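See below for the structure under consideration.
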Amino acid sequence: MSILKLFFSHLLEEDRKPDSDPLQHPILAAMSLEELADLPLMPENLGGLWTSGPFSRKNAHKRVNHRTQTRMTLNVGMDAIAERLQRLVAQARLPEVEPGLHYGLPAFKVGGKAFVTVKNNETIVLSLPIDRKEQLMEMAPEIYYQTDHYIGWPSLPLRIKAIGDEELELRLIEAWRYRAPKKLLAMFG
């Protein structure tokens, strides 16, 4: 369930107290105000939760256009990528990883710092030292690449469909180690 669906479903719960705060939900409470402000408030993210009005399911056919369909497809792809990343993070047993947002995009964080971000349905961005980033781009340019935006920054875009789970898990561990607080890193080994 997306964060927005969670937020709005909490608002519409039958047994919800009128004065209860939907931001007290554990997932939403863990987000900073900047992350909450970056959530895209698009009708398709609401999941058809409204029962009447322009955002109701009965009126969905009136608001679905090519752009909306593209965004919905993009969100589905990004959710699948986030689930894959979550599975690999759990498999690697990386401690104190929190899902969240980084510049309004789904991300996984350690110590409040994003170590992997889902940029779109084709690309994720890892936080890695610049020298390691350059090694990986030389080693596998079909997977790892750089755009002008990332030159000089410790961020490495990669083509998510071109990388297998085993290699991706190794890169997630590297990125986690790069961003993890020193005390946590010492405990992890």
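The values are calculated or read from the model by the stated rules, or taken from the named source; none is laboratory data. What you see is a predicted model, and the numbers here were worked out from it, not measured in a lab. Because the Cβ atoms are built from the backbone with ideal geometry, glycine has one as well, and the counts that use them run over all protein chains shown. These area figures cover heavy atoms from the full protein model, side chains too; ligands, DNA and RNA do not enter into them. Shrake-Rupley method; radii C 1.70, N 1.55, O 1.52, S 1.80 Å.
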>> Given the condition polar (S, T, N, Q), in contact with a helix residue (DSSP H, G or I) (Cβ under 8 Å, 6 or more places away or on another chain) and touching a residue at least 40 places away in the same chain (Cβ under 8 Å), answer yes or no: does some residue in segment 125-143 qualify?
In response: yes
> Just to be sure, is residue 90 surrounded by fewer than 17 Cβ atoms within 10 Å (Cβ to Cβ), at pLDDT 95 or above, within 21 Å of residue 77 (Cβ to Cβ) and of a type in the set (A, V, I, L, M, F, W, C)?
Replying inline: yes
>> Looking only at residues that are surrounded by 14 or more Cβ atoms within 10 Å (Cβ to Cβ) and in contact with a helix residue (DSSP H, G or I) (Cβ under 8 Å, 6 or more places away or on another chain) in segment 156-170, which one is farthest from residue 120 (Cα to Cα)?
In response: 169
> Of all residues in segment 110-119 being open to solvent by less than 40 Å² (accessible area, probe 1.4 Å) and in contact with a Pro (Cβ under 8 Å, 6 or more places away or on another chain), which is farthest from residue 83 (Cα to Cα)?
Replying inline: 110
> Of all residues in segment 65-87, which are open to solvent by 40 Å² or more (accessible area, probe 1.4 Å), modelled with pLDDT under 95 and in contact with an Asp or Glu (Cβ under 8 Å, 6 or more places away or on another chain)?
Replying inline: 71, 72, 75
>> Please count how many residues of segment 175-189 are open to solvent by 40 Å² or more (accessible area, probe 1.4 Å) and touching a Pro at 6+ places or on another chain (Cβ under 9 Å).
In response: 3
>> For segment 100-145, give me each residue that is β-branched (Val, Ile, Thr) and more than 19 Å from residue 164 (Cα to Cα).
In response: 110, 130
